[in-house]
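A.B. asks: Here it is, the structure, as structure tokens.
The values are calculated or read from the model by the stated rules, or taken from the named source; none is laboratory data. What you see is a predicted model, and the numbers here were worked out from it, not measured in a lab. All Cβ positions, glycine included, derive from the backbone under ideal geometry; neighbour counts span all protein chains shown. Surface accessibility is based on the protein's heavy atoms, side chains included, excluding ligands, DNA and RNA. Shrake-Rupley method; radii C 1.70, N 1.55, O 1.52, S 1.80 Å.
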Amino acid sequence: MPKARRVAWRPFRIPFREEFRASHGVMAAREGFVVQVEDTEGNAGLGEASPLTAFTGETLDDTARYLDAWLEQFRSGTPPTGWDAVPPSAAAAIECAVLDIAANRSGRMLARYISRGTETPGPARSPVPVNAVLPIGEPDAVAAAAKDLHGEGFRTFKLKAGPDLDANLAAVRAVRDAAGPEAAIRLDANGAWDEDEAVRQLTALRDYGVEFVEQPIPPGDGALAAMDRIRQATGVPVAADESLAAGVDIEAVLPHVDAVVLKPAIHGVAATHDFMRAAVRAGRKAVVTTTFDTGIGTALAAHLAALIPEPRPACGLDTLRFLEGDIVTGVPEIADGVVAVSNRPGLGVQLDEDALERYATGPWREVLL
């Protein structure tokens, strides 16, 4: 069995092509850390730790301190201590890198490696349908973007929704007019409403054929029961997103919602797979999505999406286009609104050293064994 010879991480910052607006704020750049593991036989594994502070409370400093503790574990054999909770993106990145190198050793694509020994069938042969993401914006701009994306083959549109009902109505009308009656429209409120406001908004919006709304109210005590009441009162299906916090009992969530939105870059690989299987058993939709990740996180999400049994709902794999560039090559491309997951071993992506040098905000921190 080959042994690890190097573990390392490096910080990066990739600007958005344009600022991205959602109800929780404006994103101008994606910052995070690439994690790399190499063994004595030349195999390598990659992971990405790009925290979303608005989602988990984890900061870049939290992530960097934990990754340093992880390096120290390899240097001294002492596990990280003093952490009430491991920063989720750091844990997910390490897990991904370890699984990537193991899948590379085995010669299996990551999706097939993840599903081995479980009741989950291997990745389906058909491509994964992808939903297009539309930021908050003026109706004319939203309509133009939806029309262009419809022309590229997208048939499901995820529209960020804010607190202003008139603005939301105008945006949804614009997307419906641009994409046509057969297109699926999803709303993502990111917890922007309270229960009464969610009922008011969704009652007004439901006539436009909303497939479901993600996280209409903030997570917390009583949120699941409230989301259940919202779906019953409005007839609009509800998906849990931010409510799927670390340590959540997925079996307690599923009776209250119609779908779950799974983020491997936050939940980790094993938990995402477990949540997916539980949702499928319960007859709920499982939608895998990125968190505006680089190609590393995007490829990981695509592999997990490929494990959703058919017919799959469209998954959120279309966020890489919002970034100015990438730090890996080999990311499967979206064509005609679908993506075919690479059958190369592991994640199927390779670090682009020149691009990483351009976007890096610091040197490699590493331990050689």
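A.B. asks: For the chain, what does the relative contact order come out to in percent, with C-alpha contacts under 8 Å and a separation of six or more? Can you show the working numbers first?
C.D. replies: Details: 809 pairs, mean separation 83.1, N = 369.
Relative contact order for the chain comes out at 23 percent.
A.B. asks: Here is a further query. Sequence gap at least 6, Cα distance under 8 Å: using those rules, report the relative contact order of segment 173-320 to the nearest whole percent. Before the final figure, lay out each step's value.
C.D. replies: Working: 236 pairs, mean separation 23.9, N = 148.
The normalised contact order for segment 173-320 reaches 16 percent.
A.B. asks: Would you mind working out the accessible area per residue for the chain, using a 1.4 Å probe, and quoting it in Å²? Mind showing how you got there, number by number?
C.D. replies: Numbers: 15340 Å² over 369 residues.
Here the per-residue accessible area is 42 Å².
A.B. asks: Calculate, for Glu353 and Phe16, the FRET efficiency according to 1/(1 + (r/R0)^6) with r their C-beta to C-beta distance and R0 30 Å; round to the nearest 0.05.
C.D. replies: Working: r = 23 Å, r/R0 = 0.76.
In this case the efficiency is close to 0.85.
A.B. asks: Give the lysines reachable from Lys158 as a straight Cα distance under 17 Å; neighbours fewer than 8 places away on the same chain don't count.
C.D. replies: Correct list for Lys158: Lys147, Lys263, Lys285.
A.B. asks: The list (i) 0.97; (ii) 1.04; (iii) 1.13 gives values of Cα Rg over 2.2 N^0.38 Å, and only one came from this structure; which label was calculated from it?
C.D. replies: (i)
A.B. asks: Carbon and sulfur together cover what percent of the accessible area of segment 143-253 at a 1.4 Å probe radius? Write out the running numbers ahead of the final one.
C.D. replies: On the way: 2250 of 4560 Å².
Ligands and nucleic acids excluded, carbon and sulfur reach 49 percent.
A.B. asks: Roughly how many whole Å is it from the C-alpha centroid of segment 85-153 to that of segment 1-60?
C.D. replies: Using only Cα atoms, the two centres lie 15 Å from each other.
A.B. asks: Let me ask another. Given Ala29, Met109, Pro135, which one lies farthest toward the positive end of the charge dipole of segment 7-149, if we put +1 on the Cβ of every Lys and Arg and -1 on the Cβ of every Asp and Glu?
C.D. replies: Checked the options; the winner is Met109.
A.B. asks: Further question on the same structure: Kindly provide the helix-only [θ] at 222 nm of the chain, computed as the sum of -39,500 (n - 2.57) over DSSP H runs of four or more divided by all residues, to the nearest 500 deg cm²/dmol? Each step should come with its number before you reach the end.
C.D. replies: On the way: 13 runs with 136 residues, N = 369.
Rounded to the nearest 500, the figure is -11000 deg cm²/dmol.
A.B. asks: Please report the antiparallel percentage of DSSP beta bridges with both residues in the chain, rounded to the nearest 5.
C.D. replies: Details: 32 of 55 bridges.
Antiparallel: roughly 60 percent of the beta bridges in the chain.
A.B. asks: Shifting gears a bit: Kindly state, to the nearest 0.05, the FRET efficiency for Arg200 paired with Ala54, given R0 = 30 Å and r defined as their beta-carbon distance. Intermediate values should be presented prior to the final figure.
C.D. replies: Working: r = 24 Å, r/R0 = 0.80.
Computed FRET efficiency for Arg200 and Ala54: 0.80.
A.B. asks: Between helix 223-234 and the chain, what is the angle of the helix's C-alpha long axis to the longest principal axis, kept within 0 to 90° and rounded to the nearest 10?
C.D. replies: Around 30 degrees separate the two axes.
A.B. asks: For the chain, take the longest principal axis of its alpha carbons; what is the angle in degrees between that and the long axis of helix 269-281, to the nearest 10 within 0 to 90?
C.D. replies: The angle comes out at about 40 degrees.
A.B. asks: Roughly how many nanometres apart are two label points built 7 Å out from the Cα toward the Cβ at Arg5 and Asp164?
C.D. replies: Here the modelled spin labels are 5.8 nm apart.
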